[in-house]
1. Any idea which residue in segment 1-50 is modelled with the lowest pLDDT, counting only those that are among the small types (Gly, Ala, Ser) and under 16 Å from Gly82 (Cα atoms)?
2. When you check Ile71 against the structure, is it open to solvent by less than 60 Å² (accessible area, probe 1.4 Å), touching a residue at least 40 places away in the same chain (Cβ under 8 Å) and within 14 Å of the chain's Cα centre (by Cα), yes or no?
Amino acid sequence: MEVLYSGRVQGVGFRYTVKSLVHGYEVSGTVRNLADGRVELVAEGTHEELDAFQQAIMDSGLGRLIQDVKINWREAAGGFRGFEIVG
């Protein structure tokens with residue numbers, strides 16, 4: 001799953017909050033700031049775990065900062081170990 005968040009999502013602890021939320025879910029991946037002001041989340045796991053993780057992000061204090069969410073589903077490549085903040 002690749003998710004692009006836009007809104008007031010940089011400089012507000014977005015990536016660190018996402019990383020703290022991931023501990024309750026069986027997902028791996030990365031979260032990073034993009035040069036255009038959006039935040040990109042790339043995560044692998046079961047569809048159910050990814051949906052639940054995405055909902056937890058929206059239900060957290062971050063939800064009020066997000067103006068738009070674009071989700072792209074792809075086949076998992078299996079290239080992640082754990083969950084990291086990158087870039």
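The values are calculated or read from the model by the stated rules, or taken from the named source; none is laboratory data. Predicted model only: the values in this text are computed from it and were never measured. Backbone-built Cβ (ideal geometry, glycine too); neighbour counts: all protein chains shown. The accessibility values were calculated without ligands, DNA or RNA, using every heavy atom of the protein model including side chains. Shrake-Rupley method; radii C 1.70, N 1.55, O 1.52, S 1.80 Å.
1. Taking the candidates together, the pick is Gly24.
2. No: the conditions fail for Ile71.
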